[in-house]
Amino acid sequence: MEKEIKDKAIAVTGGAQGIGYQIAHHFLKNGAAKVIVLDILENSGIEAVKTLNEEHGPEKAVFFKCDVTRDLETVSSEILSKYKIDVFVNNAGVLDETSLRKTMEINVIAVVEWGMKFWNYMRKNNGGFGGTIINIASIYGYVSDPWFVYYKTSKHAVMGFTKTLGHSYNYEKTGVRVFAVCPGFTDTKLLEKKELFEDTEEVTKFLETRYLQKVETVGQAVVDMFKVAKSGTAWVTQNEEPIAEISY
């Protein structure tokens with residue numbers, strides 16, 4: 001039943017726009033009972049939930065304003081007092097090569113803290129019902145090139161976190177499945193206001209040669225992965241191609 005979407009409640013960080021919004025949309029489209037959208041952008045979050053409810057039915061989506069680096073205890077406590085969460089999606093992230101600390105706080109520390117919070121909540125050997133944690137990583141969690149040093153380092157950490165927490169030993173003990181999603185180059189706001197580490201002109205030329213897949217493609221891909229992924233695995237979606245498991 002863990003790979004069945006119908007009637008499940010999904011929580012998505014960074015869910016107000018881009019990939020996070022599309023993940024919320026596609027889970028509801030495939031039968032989820034409810035989606036909890038968490039985002040620091042209040043106006044965007046309210047608008048996103050309004051649109052989701054208009055399309056999928058009243059009260060299918062709810063919004064919680066949330067800074068993932070500050071609001072873990074207060075927001076998670078409020079959510080878990082109201083809803084039984086079956087799937088938690090660690091999606092919030094940044095691309096900012098001017099700040100190592102900001103990158104690590106959002107892309108790594110918050111991912112680990114929120115992931116562990118919901119893992120402990122879901123684990124069967126702690127009174128939970130099992131569940132799934134999905135960490136949104138990147139092809140930069142395993143692909144090498146000379147740029148995006150901070151971002152790439154953070155996504156390698158997400159892959160390590162996923163592989164360790166999702167290890168078969170932990171899965172068999174807890175009943176909590178953990179897997180990673182590695183989108184290729186995607187047309188999101190992440191690339192609109194990028195701060196480059198160095199070689200700005202060269203990086204710009206490089207990005208111009210990349211095919212940018214649509215955020216809708218990633219949203220559907222996450223749903224497809226949810227239906228087949230084993231714990232501790234990582235999956236790629238890029239160039240509008242079928243999903244594929246990564247050997248890493």
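How big is the chain on each of its three principal axes, counting only the C-alpha atoms and giving the largest first in Å?
Extents along the principal axes: 51, 42, 35 Å.
Taking a 1.4 Å probe, which of HIS26, HIS167, HIS56 shows the most accessible area, and what order do the others take after it?
Greatest to least solvent exposure: HIS167, HIS56, HIS26.
Mind running the shape call on segment 1-81? Use the C-alpha gyration tensor, a ≥ b ≥ c as the square roots of the eigenvalues: rounded below 1.5 for a/c, prolate if a/b tops b/c, oblate otherwise. Could you put the intermediate results ahead of the total?
Values: a/c = 1.84, a/b = 1.29, b/c = 1.42.
It is oblate, given that a/c is not under 1.5 and a/b is not larger than b/c.
Would you list which lysines come within 23 Å of LYS173, measuring only between C-alpha atoms, while excluding same-chain residues fewer than 8 positions from it?
LYS3, LYS8, LYS84, LYS117, LYS124, LYS163, LYS227, LYS230
Within segment 200-234, whose backbone N sits under 20 Å from a point 7 Å along Cα→Cβ of LYS3?
From segment 200-234, the list is 219-234.
Take LEU95, LEU80 and sort them by solvent-accessible surface of the protein heavy atoms, 1.4 Å probe, largest at the top. Present the calculation step by step, with values, prior to reporting the outcome.
Values: LEU95 20, LEU80 45 Å².
Order by accessible area, largest first: LEU80, LEU95.
What does the C-alpha gyration tensor say about the overall shape of segment 43-143? Classify as rounded when a/c is under 1.5, otherwise prolate if a/b is larger than b/c, or oblate.
Cα axes put segment 43-143 in the oblate bin.
Would you please give the FRET efficiency between TYR169 and THR98, computed as 1/(1 + (r/R0)^6) with r the Cβ-Cβ distance and R0 = 25 Å, to the nearest 0.05? Let's see the in-between values first.
Details: r = 39 Å, r/R0 = 1.57.
Efficiency, rounded to the nearest 0.05: 0.05.
Could you list, bin by bin from short to long, the percent of Cα-Cα pairs of segment 21-66 in 5 Å steps?
Bins of 5 Å from zero give 5, 27, 38, 21, 8, 1 percent of pairs.
Quick one: order SER154, SER168 from most to least accessible surface, probe 1.4 Å. If you can, show how the numbers build up before the last one.
Numbers: SER154 0, SER168 65 Å².
So the residues, ranked largest to smallest area, are SER168, SER154.
Using Stokes-Einstein with the Kirkwood hydrodynamic radius over Cα pairs, what translational diffusion coefficient do you get for segment 85-168 at 25 °C and a viscosity of 0.890 mPa s, in µm²/s rounded to a whole number?
Values: Rh = 13.4 Å.
Translational D for this selection: 183 µm²/s.
Return the long-range amide H neighbours of ALA234 (sequence gap of 5 or more, or a different chain), with a cut-off of under 5 Å between placed amide H atoms.
Distant-sequence amide H within range of ALA234: ALA180, ILE246.
For the chain, what proportion of DSSP beta bridges, expressed in % and rounded to the nearest 5, is antiparallel?
Working: 3 of 32 bridges.
Antiparallel bridges: around 10 percent, rounded to the nearest 5.
List the trypsin sites (Lys or Arg not before Pro) in segment 1-81 that DSSP assigns to loop (not H, G, I, E or B) and whose Cβ has at most 13 other Cβ atoms within 10 Å. Which are they?
LYS3, LYS6, ARG70
For segment 132-138, take each phi angle, set θ = phi - 60°, evaluate the Karplus expression 6.51 cos²θ - 1.76 cosθ + 1.60, and give the result in whole Hz per residue in order, putting x for glycine and proline.
For segment 132-138, the Karplus-derived couplings read 9, 10, 10, 9, 7, 9, 5 Hz, x marking Gly and Pro.
Leaving out ligands, DNA and RNA, what percent of the accessible area of segment 47-195 is carbon and sulfur, probe 1.4 Å?
The computed percentage sits at 51.
At 1.4 Å probe size, with no ligands or nucleic acids counted, give the accessible surface of LEU212 in Å², nearest ten.
Here the residue's solvent-accessible area equals roughly 70 Å².
Taking a cut-off of 13 Å between Cα atoms, list the aspartates and glutamates near LYS60, but don't count ones fewer than 8 places away on the same chain.
ASP7
When all protein chains stay in place, what accessible area (Å², nearest 10, 1.4 Å probe) is found for ILE246?
Probe radius 1.4 Å; accessible area of ILE246 about 20 Å².
Loop only per DSSP, at most 12 neighbouring Cβ atoms within 10 Å: give me the chymotrypsin sites (Phe, Trp or Tyr not before Pro) in segment 133-237, ordered by residue number. Before the final figure, lay out each step's value.
Numbers: sites: TYR140, TYR142, TRP147, PHE148, TYR150, TYR151, PHE161, TYR169, TYR171, PHE179, PHE185, PHE197, PHE206, TYR211, PHE226, TRP235; in loops: TYR142, TRP147, PHE148, PHE185, PHE197, TYR211.
Sparse-neighbourhood loop chymotrypsin sites (Phe, Trp or Tyr not before Pro): TYR211.
So between GLU55 and VAL143, what do we pick up on full extension, going 0.36 nm a residue minus the alpha carbon distance?
Value of the extension gain: 28.0 nm.
Which residues' amide hydrogens lie under 5 Å from the amide hydrogen of ILE133, considering only partners 5 or more residues apart or on another chain, with H built in the peptide plane?
Counting only residues 5 or more places away or on other chains, the set is PHE88, ARG177, VAL178, PHE179.
Counting heavy atoms of the protein chains only and a 1.4 Å probe, report the per residue accessible area for the chain as a whole number of Å².
Working: 11620 Å² over 248 residues.
Accessible area per residue: 47 Å².
In terms of modelled amide H atoms, which long-range or inter-chain residues lie less than 5 Å from the amide H of VAL35?
Under 5 Å from the amide H of VAL35 lie the amide H atoms of ILE10, ALA61, VAL62, each far enough along the sequence or on another chain.
Can you pull out the trypsin sites (Lys or Arg not before Pro) in segment 119-222 whose DSSP state is coil and whose Cβ has at most 10 other Cβ atoms within 10 Å?
On the way: sites: ARG123, LYS124, LYS152, LYS155, LYS163, LYS173, ARG177, LYS189, LYS193, LYS194, LYS205, ARG210, LYS214; in loops: ARG123, LYS193, LYS194, ARG210, LYS214.
Those that pass, being in a loop and sparsely packed, are LYS193.
The values are calculated or read from the model by the stated rules, or taken from the named source; none is laboratory data. Note that this is a predicted model, so its numbers are computed, not measured. Cβ coordinates were reconstructed from backbone atoms using ideal geometry, including for glycine residues, and neighbour counts include every protein chain displayed. To get the accessible areas, we keep the full protein, side chains included, count just its heavy atoms, and leave off ligands, DNA and RNA. Shrake-Rupley method; radii C 1.70, N 1.55, O 1.52, S 1.80 Å.
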